[in-house]
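The values are calculated or read from the model by the stated rules, or taken from the named source; none is laboratory data. Just so it is clear, the model here is predicted, and its values are computed rather than measured. So basically every Cβ, Gly included, is an ideal-geometry build from the backbone, and we count neighbours across all protein chains shown.
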Amino acid sequence: MSAENIGVQGVAWDLSSEYESADCPAIDSDLSAASELMDQMKQHNLVLLPLLERAEGLGVEEATGGIEAAREIHRISEEVRSLIGNPDSYADCRMSVDSQDEAAQVLSGQLQSYQKRFSELSQPLSQFLDLVSAEIIEVYLDHELTKSTRFVVEHARKRRDFNLSLAEETLVSGLAQDGIHAWGRLYDQLAGTLTCDVLVGNESQSMGLAETSGLLQKPDDGTRENAWRAINEAWGEQVESCAAAINSIAGWRLELGRRRSGKSPVHFLDSPAHMNRISKTTLDVVLSVAEESMPLAQRAALLQAKAYGKDRYGPWDQRSPAPTLGDDDRPIPYAEALELIANAYRSVDPTMGEFVEMMAERKWIEGTVGSRKRPGAYCTAFPKSRTPRVYMTYTGGTSDVITLAHELGHAFHSWTMRDLPDSQQSYGMSLAETASTFGETIVRDALLERAETPSEELAIAWEETGALISFVLNIPTRFEFEKNFYQAREERPLRPDELKELMSQAWQKWYGESLSEPDPLFWANKLHFFISELSFYNFPYLFGYLFSLGVYAKRLSFGDEFFPRYEGLLRDTGRMTAEDLAAKHLDVDISQADFWRDTVAMLQPRVDHFEKLVNDVTG
């Protein structure tokens with residue numbers, strides 16, 4: 001029986017508080033205002049541009065006009081970013097629900113020229129702030145308009161040696177829309193239009209990718225395997241397009257890195273680490289501890305396989321529910337899931353529970369089922385109103401409840417920062433996963449506490465061990481593949497079979513003997529490899545998972561001080577490195593392995609408990 005027939009699925013979100021339609025006058029008004037402001041940026045750039053050629057040798061006095069122009073450009077930029085970003089979020093939200101929404105596609109295409117122009121007009125300010133002396137930077141920051149940007153400016157200057165000339169940076173920015181970003185858009189369109197022929201029971205059904213992905217949460221092992229094979233078969237017909245896209249995206253980044261290597265070599269991990277505001281030392285330590293933890297996570301995978309009466313864990317088991325929750329088990333209705341999450345959040349602080357209720361009441365969550373919906377889940381925000389939105393396909397599985405808790409964690413993070421200056425609201429993806437994974441953890445613990453039967457207890461413990469498998473095995477598998485792919489791509493583009501082989505090797509390394517077979521097409525069906533705006537969108541999940549567990553562990557030791565510290569930590573994510581943030585709010589040094597090993601050690605008794613539950617079920 002479908003989710004629609006039993007009233008389990010989530011409700012549709014309401015975007016009308018932002019715009020009535022994709023071609024409404026309000027959007028025209030915003031874009032017209034953005035154009036006028038960009039004209040002003042152009043005028044201020046006339047003051048800034050002549051200074052750039054000698055920026056490194058400028059004195060404070062002769063830079064006075066440039067400093068004033070730079071401040072004005074910054075002020076205008078924040079307005080433009082909001083005016084362009086708002087309709088962009090709207091178009092993305094519309095296309096997520098209906099990948100064939102023509103009006104939203106037209107709007108998205110229209111916005112590209114605005115984004116391109118804004119990016120080009122922003123380059124002189126970026127160059128100026130990167131090239132001038134520290135003394136000029138201090139004068140620039142010593143002003144009401146710009147003092148809030150100190151961290152962002154100083155962090156960006158750490159990579160000043162890798163900048164190209166203004167003309168080259170402008171050219172790169174201009175070419176990107178129809179270059180690297182075009183490949184990302186191509187992949188999105190492919191994912192939205194793909195159909196899968198799935199054997200469900202004795203009947204073959206044709207459905208969209210999102211719906212087929214939903215079958216991976218079914219308790220029947222055969223249904224999950226059929227869905228996985230159908231997804232791979234569908235993507236298998238697109239491997240040439242996917243290979244062209246992933247090779248072009250990586251090739252663009254590598255070539256840009258070579259061009260930026262004039263003063264010192266640029267490694268392909270330099271930019272992701274910098275963007276995530278962690279050092280490569282910290283990244284190496286996290287990955288090293290994950291590798292040490294492989295036996296524990298592989299043990300969890302084998303236990304899940306054992307619960308299904310199997311010897312090995314299959315790639316279609318990543319989102320499987322506990323086997324005792326068969327078709328006769330009651331799915332969790334959307335309203336009940338929201339209540340569960342609100343109560344779990346409230347256990348940390350009343351304001352967190354109130355936030356979940358507000359998200360539901362204002363219809364800021366999209367949870368419907370649809371054949372043209374894009375797969376996956378995410379949290380986005382509208383910059384003008386500073387309000388978050390959560391997107392997912394809710395079908396009533398326990399994992400859906402956890403996904404909803406995860407995305408609401410993102411939304412709470414955004415909401416907590418809504419009164420801060422724009423320059424302090426942008427944070428690295430590693431810290432972005434902190435609040436979301438923390439949200440998962442508190443909801444899982446709350447569900448465990450209220451479990452009344454062994455079956456319910458197993459279901460929640462199953463989600464917990466599933467997270468361990470996902471974050472400590474699957475995420476490093478993605479990183480391993482991407483790292484090896486980039487190393488090989490430095491020499492030449494890779495053929496689809498080579499990409500499959502690299503992917504299989506990564507699965508085998510991390511899952512080891514726990515795995516029944518690798519997923520050779522995972523590189524094609526995982527959206528994260530095709531996000532054109534950033535690379536290595538994988539290790540932040542591992543970092544966020546372990547970091548948030550470390551944060552969660554502080555609830556007991558900090559007592560009543562915990563929530564103010566937690567809220568302070570979230571608010572500081574846009575103005576500190578991860579290392580400084582942890583030192584200030586948690587009193588720990590995350591560049592050392594001890595913090596991460598202590599966090600993993602917390603998981604050992606949970607896996608032991610899970611083994612007992614599995615043994616009870618399997619006899």
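Answer yes if at least one residue in segment 493-514 is under 23 Å from Gly179 (Cβ atoms) and under 24 Å from the mean Cα position of the chain (by Cα), and no otherwise. Spell out how you get there, then give the answer.
Initial filter on segment 493-514 (under 23 Å from Gly179 (Cβ atoms)): 493-496, 499.
With under 24 Å from the mean Cα position of the chain (by Cα) added as a condition, the list becomes 499.
There is at least one residue in segment 493-514 that is under 23 Å from Gly179 (Cβ atoms) and under 24 Å from the mean Cα position of the chain (by Cα).
Residue check: Tyr486 meets all listed conditions (1) assigned to a helix (DSSP H, G or I); (2) within 18 Å of the chain's Cα centre (by Cα); (3) of a type in the set (Ser, Thr, Tyr); (4) more than 23 Å from Tyr313 (Cα to Cα) but one, namely (2).
Arg386 meets the conditions (1) touching a residue at least 40 places away in the same chain (Cβ under 8 Å); (2) more than 16 Å from Ala344 (Cβ to Cβ) in every case but one. The failed one is (1).
Taking the options Ser35, Ser96, Ser29, Ser17, name whichever one is hydroxyl-bearing (Ser, Thr, Tyr), within 26 Å of the chain's Cα centre (by Cα) and either farther than 30 Å from Leu194 by Cβ or surrounded by fewer than 15 Cβ atoms within 10 Å (Cβ to Cβ) (or both).
Values: Ser35 fails: within 26 Å of the chain's Cα centre (by Cα); Ser96 fails: either farther than 30 Å from Leu194 by Cβ or surrounded by fewer than 15 Cβ atoms within 10 Å (Cβ to Cβ) (or both); Ser29 fails: within 26 Å of the chain's Cα centre (by Cα).
Every option except Ser17 fails the conditions.
Every residue, every condition in (1) surrounded by fewer than 18 Cβ atoms within 10 Å (Cβ to Cβ); (2) within 27 Å of Ala553 (Cβ to Cβ); (3) without any contact (Cβ under 8 Å) to a residue 24 or more places away in the chain, yes or no:
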| position | (1), (2), (3) |
| --- | --- |
| Gly353 | no, yes, yes |
| Met358 | yes, no, yes |
| Tyr378 | yes, no, no |
| Thr393 | no, no, no |
| Asp400 | no, yes, no |
| His410 | no, yes, no |
| His413 | no, yes, no |
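Residue pairs whose Cβ atoms lie under 9 Å apart, separated by 6 or more positions or on different chains, with the first residue in segment 129-150 and under 11 Å from Arg71 (Cα atoms) and modelled with pLDDT of 95 or more and the second among the hydrophobic types (A, V, I, L, M, F, W, C) and surrounded by fewer than 16 Cβ atoms within 10 Å (Cβ to Cβ), are Leu129/Ala156; Val139/Val60. Put simply, of Arg418, Arg450, Arg386 the only residue that is farther than 17 Å from Phe355 by Cα and either of a type in the set (Lys, Arg) or in the same structural domain as Val153 (by TED's automatic domain parsing) (or both) is Arg450. For segment 489-503, residues that are part of a helix (DSSP H, G or I) and surrounded by fewer than 18 Cβ atoms within 10 Å (Cβ to Cβ) total 3.
When only residues in segment 52-72 that are within 21 Å of Thr170 (Cβ to Cβ) and surrounded by fewer than 22 Cβ atoms within 10 Å (Cβ to Cβ) count, which is modelled with the highest pLDDT? For segment 52-72, the residue satisfying everything is Glu72. Taking each residue of segment 283-295 that is within 13 Å of Phe471 (Cα to Cα) and looking for partners that are of a type in the set (Val, Ile, Thr) and loosely packed, with under 14 Cβ neighbours inside 10 Å with beta-carbon atoms closer than 7 Å, six or more apart or interchain, yields nothing. Inside segment 380-404, residues that are touching a Leu at 6+ places or on another chain (Cβ under 8 Å), not basic (Lys, Arg) and not in a helix (DSSP H, G or I) make up a count of 3. Restricting the search to helices (runs of 4 or more DSSP H) fully inside segment 258-373 and requiring at least 1 residues that are at pLDDT 95 or above, more than 20 Å from Phe438 (Cα to Cα) and assigned by TED's automatic domain parsing to the domain that holds Asn484 gives 280-292, 294-307. Scanning segment 562-576 for residues that are touching a Lys or Arg at 6+ places or on another chain (Cβ under 9 Å) and either buried (at least 18 other Cβ atoms within 10 Å of the Cβ) or of a type in the set (D, E, K, R) (or both) yields a total of 7.
Filter segment 151-191 down to residues that are among the charged types (D, E, K, R) and not in a helix (DSSP H, G or I) and give me whichever is nearest to Asp98 (Cα to Cα). Per the criteria, the residue is Asp178.
Within segment 546-602, the set of residues being modelled with pLDDT of 95 or more and not in a helix (DSSP H, G or I) comprises Arg575, Met576, Thr577, Asp587, Val588, Asp589, Ile590, Ser591, Gln592.
Considering (1) more than 17 Å from Gly184 (Cβ to Cβ); (2) free of Cβ contacts under 8 Å to residues at least 24 places away in the same chain, the lone condition that Glu255 does not fulfil carries the number (1). Quick check on Arg299: is it basic (Lys, Arg) and closer than 18 Å to Leu515 by Cα? So Arg299 passes the test. In the condition set (1) touching a residue at least 40 places away in the same chain (Cβ under 8 Å); (2) within 26 Å of Arg258 (Cα to Cα); (3) polar (S, T, N, Q), Ser516 is compliant with all but (2).
Against the conditions (1) farther than 24 Å from Leu458 by Cβ; (2) surrounded by 15 or more Cβ atoms within 10 Å (Cβ to Cβ), Arg606 satisfies every one except (1).
Conditions tested, residue by residue: (1) closer than 18 Å to Lys218 by Cβ; (2) touching a helix residue (DSSP H, G or I) at 6+ places or on another chain (Cβ under 6 Å); (3) surrounded by fewer than 20 Cβ atoms within 10 Å (Cβ to Cβ); (4) not acidic (Asp, Glu).
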{"residue": "Ser288", "(1), (2), (3), (4)": "no, no, yes, yes"}
{"residue": "Gln298", "(1), (2), (3), (4)": "no, yes, no, yes"}
{"residue": "Ala305", "(1), (2), (3), (4)": "yes, no, no, yes"}
{"residue": "Gly309", "(1), (2), (3), (4)": "yes, no, yes, yes"}
{"residue": "Gly314", "(1), (2), (3), (4)": "yes, no, no, yes"}
{"residue": "Ala322", "(1), (2), (3), (4)": "yes, yes, no, yes"}
{"residue": "Ala344", "(1), (2), (3), (4)": "no, yes, no, yes"}
